[in-house]
Structure formats: structure tokens, C-alpha cells
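Colleague: Mind looking over this structure? Questions follow.
The values are calculated or read from the model by the stated rules, or taken from the named source; none is laboratory data. What you see is a predicted model; the values in this text were computed from it and never measured. Cβ placement follows ideal geometry from the backbone for every residue including glycine, while neighbour counts extend to all protein chains displayed. Side chains are part of the model used for accessible areas, which takes the heavy atoms of the whole protein and leaves out ligands, DNA and RNA. Shrake-Rupley method; radii C 1.70, N 1.55, O 1.52, S 1.80 Å.
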Amino acid sequence: MSSARLIYLPLGGAGEIGMNAYVYGYGPQDQERYILVDIGVTFPDMDGSPGVDLILPDMSWLIERRDRLDAIFITHAHEDHIGAVARFPELLEDTPVYARAFTAHLARLKVEEAGLDPKIVRTVSAWPETVTAGPFTVGFVPISHSIPESAGMVIDSPEGRVVHSGDFKIDRTPVVGEPFDEEVWREIAKPGVRALMCDSTNVFSRKEGRSEAELPGEIEALFSDAKGMVVATTFASNVARLKTLAEAADRAGRSICLLGRAMRRMIEAAVATGVLHGFPKVISPEDALSVPRENLMLLVTGSQGERRAASAQLARGKFNGITMKEGDMFLFSSKTIPGNERGVIRIMNQFSEMGVDVVDESAGFYHVSGHANRPDLKTMHDLVDPQMVVPMHGEHRHLREHVKLAGEGRRKGIVAVNGMMIDLSGNEPTVAEYIETGRTYLDGSIQIGALDGIVRDRIRMALNGHVTVTLILDERDEPLGEPWCESMGLAEVGRSRVSLVEILEADLGQFLGRASEKTLADDDKLEQELKRIVRKVSQDEIGKKPEVTIITSRLA
């Protein structure tokens with residue numbers, strides 16, 4: 001019996017939606033050769049990660065074994081799959097990145113912006129072309145999704161065939177990109193499939209998924225009936241939807257203007273790589289200012305309430321000289337990702353206060369999902385007919401429900417979240433070991449660890465406020481004058497109806513007047529006592545225990 005094993009290890013994307021990173025390995029234990037499928041990001045929020053720019057998977061485990069990493073494969077160009085491709089240069093030192101043309105184009109831009117060699121990224125044609133990486137042979141199978149040239153992966157090893165679905169839906173008329181081809185998947189299944197790693201996003205949606213081709217009529221009617229300017233937002237990467245919206249506006253007699261760098265970049269990439277044809281003519285923001293409002297449609301970024309995107313800036317007043325007015329219409333042709341509701345609702349209300357009519361996707365007329373619903377997942381199971389199903393791309397509840405769906409087809413399944421290494425070598429998936437995983441943060445221009453304490457301190461300051469105490473001691477460790485305090489994020493006046501800062505300074509001054517020589521000479525003990533007094537006084541006065549910084553200067 002061979003000692004080699006086939007393993008699957010999610011470092012991101014399993015037990016959450018976003019930040020996808022999946023390791024496959026083959027070989028004897030601790031000697032496996034690896035490939036990585038996807039390396040994405042997720043986005044911060046003010047509650048859990050204030051001030052952070054991006055959240056990345058913790059790749060420490062793989063970086064430690066990078067000498068055994070043979071290749072990185074990117075299924076498609078959504079940020080939660082490609083966004084971190086240039087954030088871990090250690091992984092790219094001797095490791096090529098493979099992707100289809102559209103995805104490769106965007107990956108090269110990211111790599112180049114990071115100061116790395118764009119030749120690292122190699123373009124691969126669709127199945128049946130394959131790439132050999134160590135013990136693996138990998139092919140990109142076209143699959144329909146909400147971005148061009150998405151691919152499911154066929155991963156062959158000496159232990160058999162694995163199919164990694166990537167993000168997908170069953171759409172036979174996708175407007176842009178390749179339709180879902182059942183015959184191709186049947187052919188892939190013929191040699192036998194050991195395991196299917198499968199998208200779980202819409203496992204709770206019990207109706208069959210809808211096609212992008214169902215939307216143009218409804219959208220055109222909406223635009224034709226609108227009296228003022230029309231503004232529409234969707235995911236910038238959803239090139240098919242952008243084309244649907246632009247063509248509907250064109251047929252309704254409206255000029256089209258793109259607002260937002262990400263949207264322009266996606267359209268340019270789609271044209272450059274030959275996946276987008278016949279996109280209506282667009283005008284510049286400067287020219288849009290001279291077009292009558294009733295003849296204008298803006299396509300803008302910011303469908304998820306992003307504060308710096310075009311939608312949010314229009315909601316706050318103006319973007320590129322363009323303003324919204326009463327009688328205009330704003331269309332959200334997208335679904336709000338869980339966690340982004342607050343930002344989207346804020347923008348909706350800001351537009352409402354302007355007298356702008358806001359239309360969203362709740363009626364089902366102006367958006368279709370890019371992910372397979374439950375009946376479509378079952379279809380994929382039946383087409384591929386795997387020995388076992390390992391759900392991915394979902395929160396824990398999605399993965400668990402997907403295992404139940406696999407069980408309905410009498411297929412073995414397992415809930416595998418980030419850090420669970422799954423052995424696929426046997427007749428059913430088993431947990432081989434547990435790996436420590438987590439998150440890292442891009443904070444400004446610096447990448448920091450989740451355990452570095454920076455974000456934790458930021459949250460504490462946001463919740464509790466902050467007090468700085470400054471103290472000067474002379475050569476004999478005697479205070480020179482009174483300590484002085486500065487507060488941030490705290491009420492100025494407390495229960496005593498006197499300035500909080502004045503009360504703090506008075507109480508600290510009293511303490512210093514009676515403190516022992518030993519305490520005054522010991523920086524650590526002095527700091528401990530001063531912090532205790534600040535927190536106690538603040539708790540008594542305003543009901544808060546702030547974060548405290550003590551600055552002690554001693555004269556030599």
C-alpha cells in the first residue's frame with residue numbers, strides 16, 4: 001500500500017464567504033508537493049476591523065513550505081479569488097501563476113503594481129489544454145459565473161481526479177462568456193471523479209437559477225419609463241451585467257457614462273482580451289455634464305456601499321462634477337453581500353432625501369445571482385458523479401447544508417472549514433490534521449498579523465476613548481509642576497459638572513504629592529498607578545474606562 005496521500009486544505013473561503021485559498025497536496029506525509037487554487041481577499045468593516053484596507057488569509061503555513069509549492073492557479077478574477085495574488089511575494093519567488101486570459105490580464109496588473117515581474121503570470125487556454133505542476137495535471141474548464149472566463153478546475157494526480165468547481169452557476173445564455181456545457185462535464189466525469197469541491201453560496205435557494213439573458217427586457221422598460229437621469233450600479237467585474245445595462249440604456253435613447261476606476265479597468269480588460277464585443281459607445285464625465293438628464297445613464301461603482309466609490313460620493317453630493325436631483329433614478333442591479341447592508345441602506349436613504357427614486361433587486365427583475373442554487377448544485381453533483389463532496393465557498397451553515405444535499409444523492413460529504421486538512425485518499429474524506437489559520441491585514445501600506453494587537457487597540461480606543469497623561473520629573477524624581485491630560489473620544493464634562501480633564505489632573509496631582517520615593521523612581525509602578533486612577537475617575541464621572549497612555553519625562 002502506497003504511503004502517499006492526496007490532501008485538501010482550505011486556508012480561506014471555507015466557513016466564510018470570501019478570501020478563498022485552497023491547497024492541494026500529494027505525496028508521503030510531510031513530503032507532499034503542493035498547488036494553490038486561488039488567493040483572494042475579503043473586505044473590512046468598521047465593527048471588526050476599523051481602518052483596515054484589506055483582509056488577507058494567513059499564508060504562514062504555506063510560506064514555510066514554499067519550496068514544495070509547484071504552482072498557483074486562479075479560477076477567476078473576482079477579488080475574493082485573485083485579490084491577494086501579489087500580497088505574498090515569498091510565494092511567487094519560484095512559483096508560476098496560471099490563469100485564463102482575462103484573469104491573467106488582471107493578475108499581471110496587480111503583480112506589476114506591486115513591483116514584481118508580470119511574467120510570473122502565465123496564460124492558459126481552456127480545457128482540454130492542461131498544465132503539469134509536480135504530481136498534478138490541471139485543466140481550466142469554462143464555467144458560467146458573473147465574470148468572464150471563469151473556470152472550474154480538473155485536478156488529476158496519481159490518486160485520481162478531483163474537480164474544483166470554483167464559483168459557478170448553470171447559465172446556458174450568459175450574454176458574455178461561455179455558456180454552461182453539460183456535455184463537457186459528462187466527459188470529465190467518465191474516468192471517475194474521486195472528489196468534488198463545490199461552491200455552496202446559494203445552497204439554501206431552492207428555485208433553479210435564472211439566466212442573465214432574462215434581464216434586458218425588464219431593465220430597458222425601467223430605463224425608458226424614467227423621467228430624469230438614470231444611474232445604475234453593479235459589481236464592476238460583472239461585465240455581462242454592464243453590457244446588459246449599457247445596451248438597455250442605448251436602446252432607451254440614453255448616452256452612457258462610466259464612473260469609477262474599477263469599472264473602466266474591467267471594461268478595458270474585457271475588450272483587450274477579446275471577451276467583450278459590441279459594448280455601446282461611452283462618453284466622458286466632462287461630456288456627460290452637457291447631456292440633458294433625461295438622455296443620460298451613468299454606470300457607477302459602489303454597489304456594496306463602499307465609502308469611496310462613485311455611488312457613495314454621489315449620495316454625499318457630487319462626483320466628477322455630477323450631482324443627483326429630485327426625479328432621478330438610482331438602480332442597484334446587484335445583491336447586497338451579507339455584512340454590507342448598513343452601507344447600502346445609508347446610500348439609499350441619502351438618495352431618498354434628495355428625492356431620487358431608488359430601485360433595488362428585491363423584486364427579482366433587475367439582478368440574477370452568479371452562484372448555483374440548490375437544484376443546480378444537485379445537477380452538478382449528478383453530472384460529475386463524485387465519490388465524495390467537500391463543500392467550500394460558504395459559511396459553516398452553508399457547508400453543513402451542502403453535505404446534507406450530497407447525502408441525498410448517497411454521496412459521502414464532510415464539513416471542512418479553514419485549517420482542516422482533509423485526506424481524500426480513502427473511500428471517504430477524513431480529517432488528517434488541523435492547521436492553525438487566520439487572517440492578516442493590509443493596514444495602509446503595511447501588512448500586519450491579526451494577533452499583532454493593532455486592530456484590537458484601535459477597537460478598544462473606539463469603544464472606550466483615550467486619555468494621554470504627561471508628567472515631568474526632575475533629577476530627584478520630584479514632579480515638576482502638575483501632570484496634564486488630553487482626552488479623545490470622551491465626554492468633556494462628567495457627573496460633577498466639571499471638566500473631566502480638570503478632575504483627572506487634580507486627582508493625579510494629589511496622588512503624586514503623596515506617592516512614595518520608591519513609586520516615583522519606578523517607571524512601571526508609576527505608570528500602573530496613574531492608569532488605575534485615570535480609569536477609576538473616568539468610570540465614576542462618565543461611566544467609561546478609557547485606554548490610557550502615560551508619557552513620563554525624567555530630567556537627567
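Colleague: Evaluate the distance, in nm, between pseudo-label points positioned 7 Å from the Cα of Ile459 and of Glu502 along their respective Cα→Cβ axes.
Modeller: 3.7 nm
Colleague: Mind jotting down the distance between the C-alpha centroids of the stretch 335-352 and the stretch 52-124, whole Å?
Modeller: Cα centroid to Cα centroid, the span is 31 Å.
Colleague: May I pose another question? Using Cα-Cα distances under 8 Å and only pairs 6 or more residues apart, what relative contact order does the stretch 191-350 have, in percent?
Modeller: 28 percent
Colleague: Please work out how much length the chain gains when fully extended from Asn349 to Arg122, using 0.36 nm per residue of separation minus the C-alpha to C-alpha distance, in nm with one decimal.
Modeller: 77.2 nm
Colleague: Give the share of C-alpha pairs in each 10 angstrom bin for the stretch 383-486, from 0 to the last occupied bin, in whole percents, shortest bins first.
Modeller: For the stretch 383-486, the pair-distance distribution reads 12, 23, 18, 16, 12, 7, 7, 4, 0.
Colleague: A further question follows. Counting only protein heavy atoms and using a 1.4 Å probe, what share of the accessible area of the stretch 399-486 belongs to carbon plus sulfur, as a whole percent?
Modeller: 48 percent
Colleague: What are the extents of the Cα atoms of the stretch 242-355 along their three principal axes, listed from largest to smallest and rounded to whole Å?
Modeller: That gives 38, 34, 22 Å along the principal axes, largest extent first.
Colleague: Between Rg and the Kirkwood Rh of the stretch 1-101, both from Cα atoms, what is the Rg to Rh ratio?
Modeller: We get a ratio of 1.01 for the stretch 1-101.
Colleague: Could you list which residues have their amide H under 5 Å from that of Arg100, counting only those 5 or more apart in sequence or on another chain, with H placed in the peptide plane?
Modeller: Those qualifying (amide H under 5 Å, at least 5 residues apart or on another chain) are Val124.
Colleague: Suppose all protein chains stay in the model; what accessible area per residue would a 1.4 Å probe give for the stretch 299-376, in Å²?
Modeller: On a per-residue basis, the stretch 299-376 sits at 45 Å².
Colleague: Using the Kirkwood radius built from alpha carbon pairs, what does the Stokes-Einstein equation give as D for the stretch 177-246 at 10 °C and 1.306 mPa s, in µm² per second?
Modeller: This corresponds to a translational diffusion coefficient of 99 µm²/s.
Colleague: Please check which bits of the stretch 1-41 a label hung off Glu93 would reach, taking the label as a point 7 Å along Cα-to-C-beta and the cut-off as backbone N under 17 Å.
Modeller: Output list for this probe position: 34.
Colleague: Taking the mean number of other Cβ atoms within 10 Å as a proxy for protection, how do you rank 191-197, 87-93 from highest to lowest?
Modeller: 191-197, 87-93
Colleague: Roll a 1.4 Å probe over the protein chains and send me the accessible area per residue for the stretch 139-272 in Å².
Modeller: Ligands and nucleic acids excluded, the figure is 34 Å² per residue.
Colleague: What per residue convex hull volume, in Å³, do the alpha-carbon atoms of the chain yield?
Modeller: It is 199 Å³ per residue.
Colleague: Out of residues 5 or more away from Val358 or on other chains, whose amide H comes under 5 Å of its own, with H placed 1.01 Å from N in the peptide plane?
Modeller: Hits under the 5 Å cutoff: Phe330.
Colleague: Also, I was wondering about something else. Enter the accessible area per residue of the stretch 388-450 (Å², integer; probe 1.4 Å; all protein chains in place).
Modeller: 47 Å²
Colleague: Note down the relative contact order for the chain as a percent, whole number, built from C-alpha pairs under 8 angstrom at least six residues apart.
Modeller: 15 percent
Colleague: What relative contact order, as a whole-number percentage, does the stretch 249-321 give when Cα pairs under 8 Å and 6 or more residues apart are counted?
Modeller: 37 percent
Colleague: Right, another one. Taking the Cβ of Gly278 as the centre, find all other residues whose Cβ is under 9 Å away and add up their charges (Lys, Arg: +1; Asp, Glu: -1).
Modeller: Taking every other residue near Gly278 into account, the sum is 0.
Colleague: What list of ³J(HN,Hα) values in whole Hz, one per residue of the stretch 272-286 in order, does the Karplus curve 6.51 cos²θ - 1.76 cosθ + 1.60 (θ = phi - 60°) give from phi, with Gly and Pro shown as x?
Modeller: Couplings: 5, 9, x, 8, 10, 10, x, 6, x, 4, 10, 10, 7, x, 5 Hz.
Colleague: I need the calculated FRET efficiency for the pair Ile283 and Ser553, taking r as the beta carbon distance and R₀ as 45 Å, to the nearest 0.05.
Modeller: The pair Ile283/Ser553 has a calculated efficiency of 0.15.
Colleague: Along the Cα-to-C-beta direction of Phe204, a point sits 7 Å from the Cα; which residues of the stretch 400-427 have their amide N less than 13 Å from that point?
Modeller: The answer is 400-402.
Colleague: Here is a follow-up. Can you tell me how much longer the chain between Glu64 and Val493 gets when fully stretched, taken as 0.36 nm per residue apart minus their C-alpha distance, in nm with one decimal?
Modeller: Taking Glu64 through Val493 to full extension adds about 149.1 nm, to one decimal.
Colleague: Turning to a different aspect of this structure: Once the other residues with Cβ under 15 Å from the Cβ of Lys525 are scored (Lys, Arg +1; Asp, Glu -1), what is the net sum?
Modeller: Residues near Lys525 contribute -2 overall.
Colleague: To continue, here is another question. Just how many % of Cα pairs in the stretch 485-556 lie over 21 Å apart, if you round to the nearest whole percent?
Modeller: When all Cα pairs of the stretch 485-556 are counted, 26 percent exceed 21 Å.
Colleague: Hey, another quick one. Let a ≥ b ≥ c be the square roots of the eigenvalues of the Cα gyration tensor of the stretch 95-187; is it rounded (a/c under 1.5), or, if not, prolate (a/b larger than b/c) or oblate?
Modeller: Oblate, because a/c is 1.5 or more while a/b does not exceed b/c.
Colleague: From the alpha carbon gyration tensor of the stretch 276-323, can you work out the equivalent ellipsoid semi-axes (sqrt of 5 times each eigenvalue) and give them in Å, largest to smallest?
Modeller: 20, 16, 8
Colleague: What net charge do the residues around Glu208 carry, taking every other residue with its C-beta under 15 Å from that of Glu208, with Lys and Arg at +1 and Asp and Glu at -1?
Modeller: That sum, taken over residues with Cβ under 15 Å, equals +1.
Colleague: Sort the following peptides by mean Cβ neighbour count (other Cβ atoms within 10 Å, averaged over residues), highest first: 356-364, 381-389, 138-146.
Modeller: For the peptides 356-364, 381-389, 138-146, the packing ranking is 138-146, 381-389, 356-364.
Colleague: Shifting gears a bit: Quote the FRET efficiency, to the nearest 0.05, computed for Glu129 versus Asp385 with a Förster distance R0 of 22 Å and r equal to the Cβ-Cβ distance.
Modeller: The computed FRET efficiency comes out at 0.40.
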